[in-house]
Amino acid sequence: MQQPRDAAPAATRFLCGTGSLCLDGLHDCKAATVITGWSVTLQQSVVVAITCKRWGCRFCGQQKVRKLASIAAEAEPNRFVTLTVNPKLYGSPREAFEQTRRKIGALTQHVRRNHGPMEYLRVLEVTKKGWPHYHLVARMPYVQQSELSTVWAEHTGAPIVDIRKIRKNKDVFFYVVKYLSKQAYIEWTNRRVTMTKNFDVGKSERCSPSLELLEVKRENMHPETYFHYNLRGLVVERISPLVFRVVGPGKLQQELRPADHPLEPSTDGF
């Protein structure tokens, strides 16, 4: 199991069962559960929160926003591109989305063939009337707006394309946060964000080491409930957004450390 690669909060300790849990909004993920196990990597027992990862979840949605905004800023894009759709050509917003989202690839191929490399992060947004349009944070060569408009219209019937140069890299983070935060849920799709394979230039640096869990146990309860009742009286430290360890001596440490088990990674699919 890989550790979550989102930026970790400062290490925080709390006493379970006192009502003073430092979960940094994790209680907002109502579907969250936990797994416990002995981490070979960390050489200690850990509690890992398993979240729903849905855009409509307040906690998970905010985690996704921060993560994607950071990825976009690190990628050093140089263009903001907005692609629209023509509502008159489709029977519903969902149909418009399904018919046009794949056409972004055709536009990208045109740029690559005629001008040079193009990589992007794409954010879906809907208008007040519910129709989709796309915001791209792109790393690409200079292309005239009229050319992009012509190519997009050929594939979708919508000629309205806006392209602007990014002058300050710090604007990228806030641009992505703005459009991802405006809508937490779109009823006809969960594909709010996609990115091309080579857009994320910092992917390898952000990958966290595996926890390599042994003696894994699934607990069908919310992390808040688990800490309150199962670890009452124990001091727990948060070492990453979703990973916790027991600091003080207690039943959990003694139970989870395998006595005669070879130190091999779990193969339980985590």
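Starting from the Cα gyration tensor of the range 1-159, take the square roots of the eigenvalues, sort them a ≥ b ≥ c, and report rounded, prolate or oblate (rounded when a/c is under 1.5, otherwise prolate if a/b is larger than b/c, else oblate).
prolate
Quote to one decimal, in nm, the extra length available between Glu95 and Cys22 on full extension: 0.36 nm per residue of separation minus the C-alpha distance between them.
On the way: separation 73, 0.36 × 73 = 26.28 nm, distance 4.35 nm.
Additional length available on full extension: 21.9 nm.
Please state the shape class of the range 76-199: rounded when a/c is under 1.5, otherwise prolate if a/b exceeds b/c and oblate if not, all from the C-alpha gyration tensor.
Oblate shape, in that a/c is at least 1.5 and b/c is the bigger or equal ratio.
Given charges of +1 on the Cβ of Lys and Arg and -1 on the Cβ of Asp and Glu, with all other atoms neutral, how large is the dipole of the range 97-227 about its Cα centre, in debye to the nearest 20?
Rounded to the nearest 20 debye, it is 480 debye.
Find out how many positive minus negative residues lie around Trp131, taking Lys and Arg as positive, Asp and Glu as negative, among other residues whose Cβ is under 11 Å from that of Trp131.
+2
Can you pull out the trypsin sites (Lys or Arg not before Pro) in the range 120-185 whose DSSP state is coil and whose Cβ has at most 12 other Cβ atoms within 10 Å?
Of the trypsin sites (Lys or Arg not before Pro), the ones in loops of the range 120-185 whose Cβ has at most 12 other Cβ atoms within 10 Å are Lys128, Lys129, Arg167, Lys168, Lys182.
In nm, give the distance between the simple-model label positions of Asn78 and Arg113, each being 7 Å from the Cα along the Cα-to-Cβ direction.
2.3
Exceeding 24 Å between C-alpha atoms, which entries from my cross-link table qualify? They are Lys67/Lys128; Lys30/Lys128; Lys88/Lys129.
The pairs that break the limit, which is 24 Å between Cα atoms, are Lys67/Lys128; Lys30/Lys128.
Report, in debye and to the nearest 20, how large the dipole of the range 14-136 comes out about its Cα centre when Lys and Arg carry +1 and Asp and Glu carry -1 on their Cβ.
Once rounded to the nearest 20, the dipole reads 580 debye.
Work from the charge dipole of the range 76-199 (Cβ charges, +1 for Lys and Arg, -1 for Asp and Glu, about the Cα centre) and give the residue of Asn190, Ala106, Pro77 farthest towards its positive end.
Selected residue: Pro77.
How much length is gained if the chain between Gln44 and Thr12 is pulled fully straight, taking 0.36 nm per residue apart and subtracting their Cα-Cα distance, in nm to one decimal?
9.8 nm
A short reminder: the numbers here are calculations on the coordinates, not readings from a lab. This is a predicted model, so every value here is computed, not measured. Every residue, glycine as well, gets a Cβ built from its backbone with ideal geometry; the counts of neighbours run over all protein chains shown.
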